[in-house]
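Q: Following this message is one structure expressed as structure tokens.
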Amino acid sequence: ELKVEQNPLFLSMQEGKNYTIYCNYSTTSDRLYWYRQDPGKSLESLFVLLSNGAVKQEGRLMASLDTKARLSTLHITAAVHDLSATYFCAVAPSLNDYKLSFGAGTTVTVRA
Amino acid sequence: DTGVSQDPRHKITKRGQNVTFRCDPISEHNRLYWYRQTLGQGPEFLTYFQNEAQLEKSRLLSDRFSAERPKGSFSTLEIQRTEQGDSAMYLCASSPPGGSQETQYFGPGTRLLVL
């Protein structure tokens, strides 16, 4: 069974500082996703990472994937209040397996 | 641009009643997924369809749960004889045909409360 672990589960950020969220998974995978969820809302896709060494950036968020270490990171640069949300990583076990296994999520709060 | 829609958005029911949820995927998305999310947790996979065929079901999906996608468009998820443990957010997602870069686009969810 594919297990996905995120840490930390809660992250209090100070505006303007940099932080990293980690996502470890237990078996080999071909696809890793990062989603954002605001309270009471659905999930918004942020990134899809497909290969070892993949790096994607959008605004203050940058995601990377190390398939050998079974690790993805979501790096937040110069945190701003708008980034307060819960961030999930999700993993698909193989190219032909479409079900996603999600981590428990990292709840981010950005304070002034 | 219409995304994935779900109906109803909220449902309160009494234990033992049956409930049915509907999901309308993004037009031309051939894959449709159902997930369940409880408070403080990530979504858990329930089942998925490719066109009208239900290709996989999670062990989480007990006999009381059934899902259909009769014409390969919208889908319904029915829970029979609801239990308090069924209280959760039920999320539907869809994805387009194509390669491995497909993203699953999630709907707003149906929040179920079983009293």
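The values are calculated or read from the model by the stated rules, or taken from the named source; none is laboratory data. Since we're looking at a predicted model, the values are computed, not measured. Here the Cβ positions follow ideal geometry from the backbone for every residue, glycine too, while neighbour counts run over all protein chains shown.
Q: Tally up the residues in the stretch A:48-76 that are over 14 Å from the mean Cα position of the chain (by Cα) and among the β-branched types (Val, Ile, Thr), please.
A: Quick first cut of the stretch A:48-76, residues over 14 Å from the mean Cα position of the chain (by Cα) only: A:51-53, A:59, A:67-69.
Okay, now just the ones that are also among the β-branched types (Val, Ile, Thr), so A:67.
Qualifying residue count for the region: 1.
Q: Identify all residues within the stretch A:96-112 that are within 9 Å of chain B (Cβ to nearest Cβ) and in contact (Cβ under 8 Å) with a residue 12 or more places away in the chain; write none if there are none.
A: A:LEU100, A:SER101, A:PHE102, A:GLY103, A:ALA104, A:GLY105, A:THR107
Q: What are the residues in the stretch B:55-77 that are in a strand (DSSP E or B), within 12 Å of the chain's Cα centre (by Cα) and of a type outside the set (Lys, Arg), if any? Can you show your working first?
A: Taking the stretch B:55-77 first, the residues in a strand (DSSP E or B) are B:55-57, B:65-68, B:75-77.
Cutting the leftovers down to within 12 Å of the chain's Cα centre (by Cα) gives us B:57, B:65-68, B:75-77.
The answer is B:PHE65, B:SER66, B:ALA67, B:GLU68, B:SER75, B:THR76, B:LEU77.
Q: Additional query: Scan the stretch B:44-64 and report the pairs whose first residue is among the basic types (Lys, Arg) and whose second residue is assigned to a loop (DSSP other than H, G, I, E, B) and surrounded by 13 or more Cβ atoms within 10 Å (Cβ to Cβ), with Cβ atoms within less than 9 Å and a gap of 6+ or a chain change.
A: Every condition considered, the pairs that remain are B:ARG64/B:GLN80; B:ARG64/B:THR82.
Q: Collect the residues in the stretch A:72-95 that are in a loop (DSSP other than H, G, I, E, B), more than 14 Å from chain B (Cβ to nearest Cβ) and at negative phi, keeping them in residue-number order. Don't jump to the end; show me each part of the working.
A: Taking the stretch A:72-95 first, the residues in a loop (DSSP other than H, G, I, E, B) are A:77-80, A:84, A:93, A:95.
Restricting the remaining residues to those that are more than 14 Å from chain B (Cβ to nearest Cβ) gives A:77-80, A:84.
Result: A:THR77, A:ALA79, A:VAL80, A:SER84.
Q: Shifting gears a bit: Go through the residues of the stretch A:5-28 one by one and say whether even a single one is over 23 Å from B:GLN41 (Cα atoms), hydroxyl-bearing (Ser, Thr, Tyr) and over 13 Å from the mean Cα position of the chain (by Cα).
A: No, because not a single residue in the stretch A:5-28 is over 23 Å from B:GLN41 (Cα atoms), hydroxyl-bearing (Ser, Thr, Tyr) and over 13 Å from the mean Cα position of the chain (by Cα).
Q: Since A:THR20 meets every condition but one in (1) under 16 Å from A:LEU100 (Cα atoms); (2) part of a strand (DSSP E or B), which condition does it not meet?
A: Answer for A:THR20: the failing condition is (1).
Q: Look at the stretch A:92-112 and say how many of its residues are touching a Ser or Thr at 6+ places or on another chain (Cβ under 7 Å), over 21 Å from B:GLN54 (Cα atoms) and either acidic (Asp, Glu) or modelled with pLDDT under 95 (or both).
A: Summing the residues that are touching a Ser or Thr at 6+ places or on another chain (Cβ under 7 Å), over 21 Å from B:GLN54 (Cα atoms) and either acidic (Asp, Glu) or modelled with pLDDT under 95 (or both) in the stretch A:92-112 gives 1.
Q: Among the residues of the stretch B:1-51, write down those that are basic (Lys, Arg) and within 15 Å of the chain's Cα centre (by Cα).
A: Applying the first criterion (basic (Lys, Arg)) to the stretch B:1-51 yields B:9, B:11, B:14-15, B:22, B:31, B:36.
Hits for the stretch B:1-51 are B:ARG9, B:LYS11, B:ARG22, B:ARG31, B:ARG36.
Q: Can you tell me which residue within the stretch A:48-71, out of those that are within 14 Å of another protein chain (Cβ to nearest Cβ) and not in a loop (DSSP other than H, G, I, E, B), is nearest to A:ILE21 (Cα to Cα)?
A: Result: A:ALA63.
Q: Please report, ordered by residue number, the strands (runs of 3 or more DSSP E) entirely within the stretch B:1-53 with at least 3 residues that are surrounded by fewer than 16 Cβ atoms within 10 Å (Cβ to Cβ).
A: Details: elements: B:5-7, B:10-13, B:19-24, B:31-37, B:44-50.
Ranges flagged: none.
Q: To continue, here is another question. Please verify whether B:GLY72 is within 12 Å of another protein chain (Cβ to nearest Cβ), out of contact with any Ser or Thr (no Cβ under 6 Å at 6 or more places or on another chain) and among the small types (Gly, Ala, Ser), treating the condition exactly as stated.
A: Numbers: within 12 Å of another protein chain (Cβ to nearest Cβ): no; out of contact with any Ser or Thr (no Cβ under 6 Å at 6 or more places or on another chain): yes; among the small types (Gly, Ala, Ser): yes.
Spelling it out, it is not the case that B:GLY72 is within 12 Å of another protein chain (Cβ to nearest Cβ), out of contact with any Ser or Thr (no Cβ under 6 Å at 6 or more places or on another chain) and among the small types (Gly, Ala, Ser).
Q: Of (1) in contact with a Gly (Cβ under 6 Å, 6 or more places away or on another chain); (2) at the interface with another protein chain (Cβ under 10 Å from one of its Cβ atoms), B:GLU52 satisfies all except one. Which?
A: Every listed condition holds for B:GLU52 apart from (2).
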